[in-house]
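All remarks here apply to the structure that follows.
The values are calculated or read from the model by the stated rules, or taken from the named source; none is laboratory data. Every value quoted in this text rests on a predicted model; they were computed, and no experiment measured them. Glycine also receives a Cβ, built like all others from the backbone with ideal geometry; neighbour counts cover every protein chain displayed.
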Amino acid sequence: MSTLEVSPADSLPGQSIHPVVNDFSIQVATVNGSGSQTANSVLMRAIFQMGIPVSGKNMFPSNIAGLPTWFTIRASKHGYIGRRKEVDILVAMNPETAREDVEKLNAGAVVIYDAPLKLNEVRSDVHFFPVPFDKLVAPVCPDAKLRKLVRNMIYDGVVARLLSIEMDEVHVALGKQFGKKKAKAAELNWGAAKAGYEFALKTFTEGVPYRVERMNATAGKIIIDGNAACALGSMFAGVTVVTWYPITPSSSLVESLIGYMHRCRHDPETGKATYAIVQAEDELASIGMALGAGWAGARAMTATAGPGISLMSEFVGLGYYSEIPTVIFNVERVGPSTGLPTRTQQGDILSTALLSHGDTRHPLFFPCSPEECFSMAIEAFDFAEKFQTPIFVMTDLDLGMNNWMADAFAYPEKPIARGKVLDAADLDKLGGFARYQDVDGDGVGYRTLPGTNHPAAAYFTRGSGHNEKAQYTEREDDYINNMDRLAHKFEVMRQFVPEPVVTVPENAKIGFVAFGTSDYAVRESCDQLRDEHGIAASYLRLRAYPFTQTLLDFIQRHERVYVVEQNRDAQMLGLMRLEFEPEILAKLRSLRYYGGLPLDARTVTDEIIRQEGK
Amino acid sequence: MSTTVTPPPKKVNHIGLEVVQYKGSRTTLCAGCGHNSISERIVEAFYDLGINPYTVAKFSGIGCSSKSPAYFLGHSHGFNGVHGRMPAIATGALLANHTLLGVGVSGDGDTASIGLGQFMHLVRRNVPMIYIIENNGVYGLTKGQFSATADIGSTLKTGIANDLPPFDCCALALKWGATFVARSFSGDKRQLQAIMKTAVAHRGLSVIDVISPCVTFNDHVGSTKSYSYMKEHEEVLQELDFVPYFEDISVEIPEGEVRDVQLHDGSHLRIRKLARDFDPADRFQALQALEESEAKGEVLTGVLYLNTNKPTFLDLLNLTPEPVATLPESKVRPTKAVLDSLMDELR
């Protein structure tokens, strides 16, 4: 019987009188494949359940097992959930990296480590807490084969004790993590967590300068990764055909979707599927199938990352030119080529916007959060069908694969809009139609679906030159008419893409333009600039390409505008260069980070100070 | 009393459509091109069988062959995609609407070179559609380069000899899962028509490799895909007789001589053996026969394999009876209660 007294935890005797409350980061250094993900998720969730804004970022290798991996948990009472460079508490479990990990810490940091690593020899200006993990795990996990997986849970208990995280919440988080079906595994892990807690309680008399205290900032919120959020959005958008090929970091998007669709999209009476999901032989096939399905009237999608986008290039040009709706999720990773497959970047902006040979332009949506992954996925399906074109939802590894705190998703208010599709009754009234005729002035023609029972329904889709009636042509005037209509259609899209989110404080002379996951660093940097340097900075968060007038207005009202992006070549700025006048471009500056980690606020702030010459 | 002469009734098929309703636009291929004969056979087959054109979707890749879907079934939707990637488009369209009858036309370049991967995966999935390879051993649109089905030792017009062995698309289809595999010759009207009709009636992937001479780039001495070569080297496996489901089939079948295979739609294919004993339900025998005839320099034509029992790719997906493409919102957007409960799980 356990004598462990669980929460609320007492302060440790040596704890400093003014500990930093709810504002710290924990880094857990482990070996890939050692089951640390569970321990890390539980720790993050326990803090979340105590009402403190929290984020978790997994930095992992492109490897199945054996290489170093780091997980960072940031708790922030201010609600900053972007990456923070500084590590306050290190949990050093990986002998390969432990010494280097300790050397990188700032003085005063806390190190919890596997006792045999003897890290206390490395330096004397940090707080060391050795834990004999192997000794502790043996009694709580009699099955030696399972010890490797359970061992990590011990540090959850140690951290909980040192930071005053309530053990009740650790228990609840464990239950959540394992679910009812794996209650036994949860119990085993709970034993390990308690062993860690008890050990820390008995052993460590010195306190740490950080502490968790209950807040009420996470009530009603959920924890979800961006890929799962995109998957949910797709399901509620009414997706019917999903064709894909596995690639990091997009695989879990479709894998989540398979799980959700299996649960929620079978006819309750017949058990039949209202969708088809097919793992294709490659990205050439996955996009080809998605286009074939979109052509035949399905709400079709695929998901991929950079190398897949490159492979899809030819087909996407066909989709643009023959005007077929499909939604492509591009969960960006670090390129070029294979690049760093498990690191994050916004490196496909230019190549995706202009993907394929000839004059092509594609609409891009840029969600920055799980909420937007969900809502923009829904919007993207409507948009693709409204404009009869491939559309890209651009996320990245950071958003897609990391767990984020988010508001519960709002049920879509608008009914599904399928765009301009003529059925047999319409054709009876009209007598016929010309597939690529701009009847309404918006550049979008009317289409029919194969299987429409009407002698005037059929038309011939091709990637070769075609006239309004979809007939083959090589005539100069037909070609130009068609290409001009496509350009006009792209112009019309500007009125329908999601508008940027703009914040303009008083007296702001400079502004930021950023998109996607740079949002967290930029918002935090705006506060740093204000609080530390007295600089007021405006912020426009782009949510789509093509750009809208709002972006132009924003640039015009500021002296200098910094375009923040996570790539080397200022790709978003490059897209602006393609269309803005020189006096607008003269105001634009570039701020880039492309090292493969999520962007952090300090990097942004330091770079602004450098460029502003302050 | 009226003196007007009623015009003779228009000739229609059993669903009341005239043959003109199965035709496409005028061909732009060369006069005498084998592909045009194949288009004609498609028109005849679909007219004779009374297939409603609106239920058909046509697919092709890139090349001379791939242009031809514009020249038949003008009342059917068509999709001329990218080089070698027609199988993906066709698969996607059939996922969206599994009630469509898919007809794909490809060439030897489109199928056996750039498209080999997609072709093999279409075969492996047994996607229920007709896949016609208009095989002339040469790239026509780019003016006469060898394709991957050109026989070893055959020559281009320029005299250059091919030093690599050919892919036999029928052998590939046999090995990896197509359920109807046939080879024909664009000049053999009767055989090709029976094969085409069998493909329409079959539920599963039909791979039809049709030797279809290119009169401009590959009809010379030294070519093994020319009209004259086929006349001399075609080895016809069987005599085929297709009896559609809507016709009387009470005629007695002679014992031993003729195999009668009932197809998915109730039609029958009667296969009368010629020189050799050949069981079209035996994949291994078919592969062996192909190897043997290749060694002898013969081109074996006829029904190589027919399996009417294997489930198709679409059968495996457990789809609703209505096409998923046009399901109403109530079927494809779960309710707010579903979203709320999913959100609760994530709290």
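Can you pull out the residues in region B:120-140 that are outside any loop (DSSP other than H, G, I, E, B), surrounded by fewer than 24 Cβ atoms within 10 Å (Cβ to Cβ) and away from chain A (no Cβ under 11 Å)?
B:Val123, B:Tyr139
Where in region B:22-107 are there strands (runs of 3 or more DSSP E), lying fully within it, with 1 or more residues that are surrounded by fewer than 24 Cβ atoms within 10 Å (Cβ to Cβ) and in contact (Cβ under 8 Å) with a residue 60 or more places away in the chain?
Passing ranges, in order: B:101-107.
Check A:Asp531, A:Asp600, A:Asp569, A:Asp553 and return the single one that is closer than 25 Å to A:Phe383 by Cβ and among the charged types (D, E, K, R).
On inspection, the qualifying residue turns out to be A:Asp553.
Only one of these is out of contact with any Leu (no Cβ under 8 Å at 6 or more places or on another chain) and within 12 Å of chain A (Cβ to nearest Cβ): B:Gly104, B:Gly34, B:Gly24, B:Gly81. Name it. If you could, list the steps in order and put the result at the bottom.
On the way: B:Gly34 fails: within 12 Å of chain A (Cβ to nearest Cβ); B:Gly24 fails: out of contact with any Leu (no Cβ under 8 Å at 6 or more places or on another chain); B:Gly81 fails: out of contact with any Leu (no Cβ under 8 Å at 6 or more places or on another chain).
Answer to the selection: B:Gly104.
From the list A:Asp531, A:Asp527, A:Asp438, which residue is more than 19 Å from A:Leu588 (Cβ to Cβ), at pLDDT 95 or above and not assigned by TED's automatic domain parsing to the domain that holds A:Met576?
A:Asp438
Can you find, within region B:324-347, the residue that is nearest to A:Asn403 (Cα to Cα) among those that are under 36 Å from the mean Cα position of the chain (by Cα) and facing chain A (nearest Cβ under 7 Å)?
The initial filter retains those residues of region B:324-347 that are under 36 Å from the mean Cα position of the chain (by Cα), namely B:324-329, B:331-332.
When the remaining residues are screened for being facing chain A (nearest Cβ under 7 Å), the result is B:324-327, B:329, B:331-332.
Working: B:Val324: 32, B:Ala325: 33, B:Thr326: 35, B:Leu327: 33, B:Glu329: 30, B:Lys331: 30, B:Val332: 27 Å.
So, considering only residues that are under 36 Å from the mean Cα position of the chain (by Cα) and facing chain A (nearest Cβ under 7 Å), the one nearest to A:Asn403 (Cα to Cα) is B:Val332.
Take A:Met394 and decide whether it is in a strand (DSSP E or B) and either free of Cβ contacts under 8 Å to residues at least 60 places away in the same chain or within 10 Å of the chain's Cα centre (by Cα) (or both).
On the way: in a strand (DSSP E or B): yes; either free of Cβ contacts under 8 Å to residues at least 60 places away in the same chain or within 10 Å of the chain's Cα centre (by Cα) (or both): yes.
Spelling it out, A:Met394 is indeed in a strand (DSSP E or B) and either free of Cβ contacts under 8 Å to residues at least 60 places away in the same chain or within 10 Å of the chain's Cα centre (by Cα) (or both).
Of all residues in region A:423-445, how many are in a loop (DSSP other than H, G, I, E, B), within 14 Å of chain B (Cβ to nearest Cβ) and either among the polar types (S, T, N, Q) or over 30 Å from B:Thr335 (Cβ atoms) (or both)?
Looking only at that region, the number is 3.
Answer yes or no: is there a residue in region B:278-292 that is under 30 Å from A:Val239 (Cα atoms) and either more than 14 Å from every other protein chain (Cβ to nearest Cβ) or at pLDDT 95 or above (or both).
no
Residues that are assigned to a helix (DSSP H, G or I) and surrounded by fewer than 21 Cβ atoms within 10 Å (Cβ to Cβ): does region A:159-166 have at least one?
no
What is the residue count in region A:269-282 for residues that are outside any loop (DSSP other than H, G, I, E, B) and within 7 Å of chain B (Cβ to nearest Cβ)?
The total comes to 3.
Give region A:306-330 a look and list any residue that's at the interface with another protein chain (Cβ under 7 Å from one of its Cβ atoms) and β-branched (Val, Ile, Thr), or say none.
None - no residue of region A:306-330 is at the interface with another protein chain (Cβ under 7 Å from one of its Cβ atoms) and β-branched (Val, Ile, Thr), so the list stays empty.
Mind listing just one residue for me: the one in region A:567-614 that is aromatic (Phe, Trp, Tyr) and within 23 Å of the chain's Cα centre (by Cα) and, of those, surrounded by the fewest Cβ atoms within 10 Å (Cβ to Cβ)?
Among them, the one singled out is A:Tyr594.
When residues of region A:456-486 are filtered for being part of a loop (DSSP other than H, G, I, E, B), more than 30 Å from B:Thr55 (Cβ to Cβ) and in contact with a Gly (Cβ under 6 Å, 6 or more places away or on another chain), how many remain?
The first filter runs over region A:456-486 and keeps only residues part of a loop (DSSP other than H, G, I, E, B), leaving A:456-459, A:463-465, A:467-471, A:473-475.
From what's left, more than 30 Å from B:Thr55 (Cβ to Cβ): A:474-475.
If we keep only those that are in contact with a Gly (Cβ under 6 Å, 6 or more places away or on another chain) as well, we get A:474.
Going through region A:456-486 one residue at a time, the tally reaches 1.
Identify all residues within region A:269-321 that are in contact (Cβ under 8 Å) with a residue 60 or more places away in the chain and over 22 Å from the mean Cα position of the chain (by Cα); write none if there are none.
Within region A:269-321, A:Leu291, A:Gly294, A:Trp295, A:Ala296, A:Gly297, A:Arg299, A:Val316, A:Gly317, A:Leu318, A:Gly319, A:Tyr320, A:Tyr321 meet the criteria.
So for region A:411-419 (the condition being more than 8 Å from every other protein chain (Cβ to nearest Cβ), assigned to a helix (DSSP H, G or I), in contact with a Lys or Arg (Cβ under 6 Å, 6 or more places away or on another chain) and of a type outside the set (A, V, I, L, M)), does at least one residue qualify?
No; the residues of region A:411-419 include none that is more than 8 Å from every other protein chain (Cβ to nearest Cβ), assigned to a helix (DSSP H, G or I), in contact with a Lys or Arg (Cβ under 6 Å, 6 or more places away or on another chain) and of a type outside the set (A, V, I, L, M).
For region A:283-305, which residues satisfy the criterion of being at the interface with chain B (Cβ under 7 Å from one of its Cβ atoms) and part of a loop (DSSP other than H, G, I, E, B)?
Across region A:283-305, the qualifying residues are A:Ala296, A:Gly297, A:Ala298.
For region B:6-25, give me each residue that is β-branched (Val, Ile, Thr) and at pLDDT below 95.
Listed by number, the list holds a single entry, B:Thr6.
I'm trying to understand the selection: among the residues of region A:480-531, which are farther than 21 Å from A:Met394 by Cβ, in contact with a strand residue (DSSP E or B) (Cβ under 9 Å, 6 or more places away or on another chain) and surrounded by 14 or more Cβ atoms within 10 Å (Cβ to Cβ)?
Within region A:480-531, A:Asn482, A:Thr503, A:Val504, A:Ala508, A:Ile510, A:Gly511, A:Glu524, A:Ser525, A:Cys526, A:Leu529, A:Arg530 qualify.
Return the total of residues in region A:30-56 being buried (at least 24 other Cβ atoms within 10 Å of the Cβ) and within 17 Å of A:Pro249 (Cα to Cα).
The number of residues fulfilling the criteria is 1.
Could you grab me the full set of residues in region B:52-61 that are farther than 13 Å from B:Met129 by Cβ and either more than 8 Å from chain A (Cβ to nearest Cβ) or in contact with a Leu (Cβ under 8 Å, 6 or more places away or on another chain) (or both)?
B:Asn52, B:Pro53, B:Gly61, listed by residue number.
I need the full set of residues from region A:101-133 which are loosely packed, with under 13 Cβ neighbours inside 10 Å and of a type in the set (Asp, Glu), in order please.
Residues satisfying the conditions are A:Glu103, A:Glu121, A:Asp125.
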